Structures are given as structure tokens and as C-alpha cells.
Amino acid sequence: MTAEQLFYDKKPAFDRAAPEAVAAYAEGYKAFLDRSKTERDAVKEMAARAEAAGFTAYKRGQALKPGDRIYQVNRAKGMILAVIGEKSLAEGVCLTAAHLDAPRVDIRTLPLYESEGMALLKTHYYGGIKKYQWPAIPLELRGVVCVCDNGEIKKVEVSVGADPSDPKFVITDLLPHLASEQMQKKMTEGFKGEGLNVLVGSRPVEEKDAKEPVKLAIMRLLHEKYGMKEADFLSAELCCVPAFNACDIGFDRTFVGGYGHDDRCCSYPAATALMGLERIPPHTCVCLLVDKEEVGSDGVTGMKSRHFDTFMGDLCRSQGVVLEECFEHSVCLSADVCNAFDPNYPDVSEKRNDGRVNCGFALVKYTGSRGKSGTSDATAELMARIRTIFDRAGVAWQTAQLGKVDQGGGGTVAMYLANRNIDTVDAGIPVLSMHAPFEVISKLDLYMAFRGFEAFYLA
């Protein structure tokens, strides 16, 4: 056999897909990304798309038949979609699992204060961020506030900065003329978490005897628009996210830049591939979209929650199947991003094994850090099974890992699904500038992820 037949080589896969199909799919994704800057926004958008694709909200105990399309929302911050297959749940499900949360700057429970004639919000950063990337960029304020008034609770949505006519917010930075000491510090020390305070106003009230006239003016604006008092920050989930939309990158428009690719560039194709199935799949197909992955997957909306088990238990009982039997015959693609080899930073990567842009959907046998700590490490048999599915469907795919062995590392939700006795392997899209306010992915890789999830569901 020839070297070409015997060797494995990653190479760009532009010849594997029609450019028009790749570009059209990316346009839909960019629209989703712009409307889904928080997990709550993403769930709302996914639910609307699901209903347009014929999915209905699942009610416990309802009878289900092959071809039925159902979904369930978990506390407005996570959701599960399912298409009932021809085979019994005793033969397992084809599961994809992704997360909807992304690194950001959360607003603290008592955030508003006044200092030197300016009003600011105290924050607590969410997930693994480089703190220096967040000052001096425009920010939006998004979330919900549960206003409590005389025993009544009213939930109001907050979104300021998305509309072009809206004001934006900002975390200020130090001018270089006075930053000689700052710039001599380690990057981890140049910006402190307590210093990531968001500037929100400066006009005082007219009352001359007001002790905090600017803070009072801001509270009056919040009360006028949302009915809020300061105590209502205690029952709020507010955050600041970058105030710029997704866009094409490069003269040839081969990349998409935007906020929240990790992990919405995987959750979007996993969900839309399921929504777009044109025939009843052999096995029941489930798309699980969770919250809290960036902070450890704990909580009622994280992957460690029993919500998934409860939903699957309900489906199994409707067919007289034991949940554990379903899990042991199931297969999961843990849909999360991986790092893309970056020629600007080659020293941290391992060229033979790290993912590369434009080379397709990436299979990641194991994640973790250093000595494979925190990984499920997919079996050889499972890797062979998924490879074969992709090859038969003409999906361009590659292998990927997370940099050099002792450089660092990271994890996904894969181990929490594998711990349920579900065969699981990570599969995702290589990302440049991961966890930055503005990340970059390849349109081709995004499209191949969609094709890969579709092939998996129908296998």
C-alpha cells in the first residue's frame, strides 16, 4: 500500500462540502449567537426553533410513539430535546450533550455603589477568563430580576445594550501613561477581580441633600423601567456580556468571530441536526443542553443535576424499560469545543495531535490535565464506531487534544455522562482565542459538526 493509504494526515476539507451550504449554515448560526448571549437567551431561542420544527413540550406520563418530537426546559436555563426512535429504549439512545453557558462577568447581589461622582456595579467573574481582556470593551447588561413588592413577585427581563440605540457599559482600564507599575506585573496580577467594576452612570439627582445622588438617580431609573428597589438585586440574575455581534472574519469570510462559541458552536449544530431529521431514527435521539459547565457542572441546571436522569426515567417508564438498561446501551457525543492550533502560539501545542481549523469535526478521545486527570477516556471500540459513522456519511473529521501534556488542560461534561455507564466521547469544534470575549471558529468545521451530529443520530 502507498504512504497516502497508510498514513493519517490532517488536511483542510474545503473540497468536502459545497461553499454555499457552508455559508448558509453559518448565517443561521450567527443569528442564533447574537440572540443567545446568556443561557436563558439560548434556551428561549432553542425552544422557539424546536416548536417551529414540530417539537412539543413534554408532559410526564404522555404516550409516545416513534417519530414524536418532544422537549423539556429546565428552569429556563437548560433543556432536553428528543425524537422517539423505532427501537425500544432498552437498546439505548443516541445522545448529544453540550452546554449553553459561557464565561462572562456576573453582577453581584448588592452591586450598586457610588464613588467620586460615578455609579458602578460590583461584579464576580464567571468561568475561566483572562481578566485583562474584559476592561475597555463595550458591554451589554442581560438577565432577569424577580421584583418583590407587597408579597407579589414579578419577573422582569433585562436587556440593555443589544439594540444599536441602547447605551452600553464598560469596565475602565488604566491609561498607559500611568500604568508602568501595572504593566510590570504578571498578567494574572495586573487586574484583580475586585477591580472589574462596571461603569453605569454619573448624573446626580437634583436634591442637594442627597447622600449618594448618582446612585439614587440610577436606582430611580431602574425603578421607573423595571419596578426595582435595591433589595431586588438579591433576587436577580444579571451579567455583563460583550456588546458586539458575530461577524465574518477574513478576506475570504472563512471564519466566524463572536462571543460564546464555547460552547454554542456545538450546542447549535447538535440541536439543529436533531430538529432537521427528515425520517424516524432507528434509536431514540436526545440532545441535552445544560448550564454551569464553565463553573464545574454543579447545581440544578448543571450536568451533575438529576434532571437528565428524571427525564430519561420518565421516557423509560413509558416503555416499561429500566433506566439503567437504557444507559448501558446508549452512546453519547459530548459536544464541546477544543483548542485550535494557533501559529501565533505554537509552543503550547502539540502539532500532531491538536485540532486544526478547516480540517473538520474533531474527535477528542480524552481531555483532562497532565496525567489525564478529570477525563473519561473513550474506549478504542467507541472511537472506531464513531469514526466509521462519520466515514460512511462523508463527514470530514479529525482528532484533537488540548495542548502539550504538561502545559495545562481542561475538561468537559463527558465524565459525568460516562459515570452513568454511557459510552461517551468528546466531539467538537476547534476554537481560536477560546474563553476570550471574542472567539473565532471555522465555518467549515461548524458545518461538518452539523453533518456529524446528523450522521450520528441516524446511525
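The values are calculated or read from the model by the stated rules, or taken from the named source; none is laboratory data. Owing to the predicted nature of the structure, the values given are computational and were not obtained by experimental measurement. Cβ: placed from backbone, ideal geometry, glycine included. Neighbour counts: every protein chain shown. Note: areas computed on protein heavy atoms with side chains; ligands, DNA, RNA excluded. Shrake-Rupley method; radii C 1.70, N 1.55, O 1.52, S 1.80 Å.
Normalised radius of gyration for the range 141-243, please: alpha carbon Rg relative to 2.2 N^0.38 Å, two decimal places. Walk me through the numbers on the way to the answer.
Working: Rg = 17.2 Å, N = 103, 2.2 N^0.38 = 12.8 Å.
After normalising by residue count via 2.2 N^0.38 Å, the value is 1.35.
Out of residues 5 or more away from Val93 or on other chains, whose amide H comes under 5 Å of its own, with H placed 1.01 Å from N in the peptide plane?
Those lying under 5 Å, H to H, from Val93 are Ser330, Val331.
Can you give me the C-alpha center-to-center distance between the range 342-407 and the range 236-251, rounded to a whole angstrom?
27
Just want to confirm a number: the relative contact order over the range 71-179, from Cα pairs under 8 angstrom separated by 6+ residues, in percent. Could you put the intermediate results ahead of the total?
Values: 109 pairs, mean separation 17.3, N = 109.
Normalised by residue count, the contact order of the range 71-179 is 16 percent.
Check each of the trypsin sites (Lys or Arg not before Pro) in the range 1-71 and keep only those in coil by DSSP with at most 16 other C-beta atoms within 10 angstrom; list them in order.
Numbers: sites: Lys10, Arg16, Lys30, Arg35, Lys37, Arg40, Lys44, Arg49, Lys59, Arg60, Arg69; in loops: Lys10, Arg35, Lys37, Lys59, Arg60.
For trypsin sites (Lys or Arg not before Pro) across the range 1-71 that sit outside H, G, I, E and B with at most 16 neighbouring Cβ atoms in 10 Å, the list reads Arg35, Lys59, Arg60.
If you average the alpha carbon positions of the range 76-118 and of the range 418-456, how far apart do those two centres end up, in angstrom?
With the range 76-118 and the range 418-456 each reduced to a Cα centre, they are spaced 16 Å.
Largest first and to the nearest Å, give the Cα extent of the range 1-119 along each principal axis.
Reported extents, whole Å, longest axis first: 75, 49, 28.
With contacts defined as alpha carbon pairs under 8 Å and 6 or more residues apart, what's the relative contact order of the range 185-342 in percent? Show your work: numbers first, answer last.
On the way: 86 pairs, mean separation 17.2, N = 158.
Relative contact order comes out at 11 percent.
Mind listing the phi-derived Karplus ³J(HN,Hα) values for the range 154-167, rounded to whole Hz, using 6.51, -1.76 and 1.60 with θ = phi - 60°, and x for any glycine or proline?
My calculation for the range 154-167 gives 10, 8, 10, 8, 10, 8, 10, x, 6, 6, x, 7, 6, x Hz in order.
Treating the angle as unsigned and between 0 and 90°, give the value, to the nearest 10°, between the Cα long axis of helix 19-34 and the longest Cα principal axis of the chain.
Once rounded, the angle reads 40 degrees.
Return the loop-located GluC sites (Glu not before Pro) in the range 29-122 (DSSP other than H, G, I, E, B) with at most 16 other Cβ atoms within 10 Å of their own Cβ; answer none if there are none. Mind showing how you got there, number by number?
Details: sites: Glu39, Glu45, Glu51, Glu86, Glu91, Glu114, Glu116; in loops: Glu86, Glu116.
Here the sparse-neighbourhood loop sites are Glu86, Glu116.
Under a 5 Å amide H to amide H cut-off, with H placed in plane at 1.01 Å, what residues pair with Phe341 once short-range neighbours are removed?
Gly355, Arg356, Val357
Using modelled backbone amide H atoms (1.01 Å from N, in-plane), which distant-in-sequence or interchain residues come within less than 5 Å of Thr367's amide H?
Under 5 Å from the amide H of Thr367: Ser376, Asp377.
Classify the range 20-81 as rounded, prolate or oblate from the Cα gyration tensor: take a ≥ b ≥ c as the square roots of its eigenvalues, call it rounded if a/c is under 1.5, otherwise prolate when a/b beats b/c and oblate if not. Each step should come with its number before you reach the end.
Working: a/c = 3.82, a/b = 1.52, b/c = 2.52.
Oblate, because a/c is 1.5 or more while a/b does not exceed b/c.
Rg and Dmax of the range 210-345 over Cα atoms: what are they, in angstrom?
Calculated on Cα positions, Rg and Dmax stand at 22.2, 69 Å.
Accessible area of the chain with a 1.4 Å probe: how many percent of it is carbon plus sulfur? Walk me through the intermediate numbers first.
Details: 11330 of 21620 Å².
C and S atoms contribute 52 percent here.
Any chance you could tell me what percent of the C-alpha pair distances in the range 362-459 go past 22 Å? The partial results should precede the final answer.
Numbers: 1558 of 4753 pairs.
Here the long-distance tail beyond 22 Å is 33 percent of all Cα pairs in the range 362-459.
Going by a ≥ b ≥ c, the root eigenvalues of the Cα gyration tensor, does the chain fall in the rounded group (a/c under 1.5), the prolate group (a/b larger than b/c) or the oblate group?
oblate
Apply the Karplus curve 6.51 cos²θ - 1.76 cosθ + 1.60, θ = phi - 60°, to the phi angles in the range 52-57 and return the couplings in whole Hz, x for Gly and Pro.
Ordered by residue, 3J(HN,Hα) equals 5, 8, x, 7, 10, 5 Hz.
Once phi is turned into ³J(HN,Hα) by the Karplus curve 6.51 cos²θ - 1.76 cosθ + 1.60 with θ = phi - 60°, what whole-Hz value does each residue of the range 126-138 show in order, with x for glycine and proline?
10, x, x, 10, 8, 4, 5, 7, 9, x, 6, 10, x
Per residue, how many Å² of accessible area does the chain show with a 1.4 Å probe? Kindly include the intermediate steps, with their values, before the conclusion.
On the way: 21620 Å² over 459 residues.
Normalised by residue count, the accessible surface of the chain is 47 Å².
Restricting to Cα pairs below 8 Å that are 6+ residues apart, what does the relative contact order work out to for the chain? Please round to a whole percent. Walk me through the numbers on the way to the answer.
On the way: 990 pairs, mean separation 103.0, N = 459.
It comes to 22 percent, rounded to a whole number.
Run down the lysines and flag those whose C-alpha is under 16 Å from the C-alpha of Lys37, throwing out any fewer than 8 positions away in its chain.
Cross-link targets: Lys77, Lys168, Lys292.
For the range 57-113, what is the Kirkwood hydrodynamic radius in Å, using each pair of distinct C-alpha atoms? Write down the numbers at each step before the final one.
Working: mean 1/r = 0.0677 Å⁻¹.
Mean inverse Cα-Cα distance, inverted, gives 14.8 Å.
Tell me the GluC sites (Glu not before Pro) within the range 262-339 that lie in a loop according to DSSP and have at most 11 other beta-carbon atoms within 10 Å. Please list the in-between numbers first.
Details: sites: Glu278, Glu293, Glu294, Glu324, Glu325, Glu328; in loops: Glu278.
In loop regions of the range 262-339 (DSSP not H, G, I, E or B), the sparsely surrounded GluC sites (Glu not before Pro) are Glu278.
For the chain, which span is the longest to avoid every loop-located (per DSSP) member of chymotrypsin sites (Phe, Trp or Tyr not before Pro) having at most 12 other Cβ atoms inside 10 Å? Walk me through the numbers before you get to the answer.
Values: sites that count: Phe7, Tyr8, Phe251.
By the stated rule (loop sites, at most 12 other Cβ atoms within 10 Å), 9-250.
What does the charge add up to near Glu350, with Lys and Arg as +1, Asp and Glu as -1, over the other residues with Cβ less than 14 Å from its Cβ? Mind dumping the intermediate values first?
On the way: positive: Lys10, Lys351, Arg352, Arg356, Lys365, Arg370, Lys404; negative: Asp342, Asp347, Asp354, Asp406.
Local charge sum for Glu350: +3.
Cut-off under 14 Å on the C-alpha distance; same-chain residues fewer than 8 positions from Lys365 excluded. Which aspartates and glutamates are left, in chain and number order?
Cross-link targets: Asp336, Asp354, Asp377, Glu381, Asp423, Asp426.
How about Lys154: which lysines have a C-alpha closer than 16 Å to its C-alpha, ignoring those fewer than 8 places off in the same chain?
Filter leaves Lys225, Lys229.
Diagonalise the Cα gyration tensor of the range 292-411 and give the resulting equivalent ellipsoid semi-axes, square root of 5 times each eigenvalue, largest first, whole Å. Could you put the intermediate results ahead of the total?
Numbers: eigenvalues 192, 76, 30 Å².
The three semi-axes for the range 292-411 are 31, 20, 12 Å.
Looking at the square roots a ≥ b ≥ c of the eigenvalues of the Cα gyration tensor of the range 186-233, which shape do they give, rounded for a/c under 1.5, prolate if a/b is larger than b/c, or oblate?
Working: a/c = 3.34, a/b = 1.94, b/c = 1.72.
Prolate, because a/c is 1.5 or more and a/b exceeds b/c.
Among residues other than Lys211 whose Cβ falls under 15 Å from its Cβ, what is the net charge (Lys/Arg +1, Asp/Glu -1)? Present the calculation step by step, with values, prior to reporting the outcome.
On the way: positive: Lys208, Lys215, Arg220; negative: Glu114, Glu116, Glu206, Glu207, Asp209, Glu212, Glu230.
That works out to -4.
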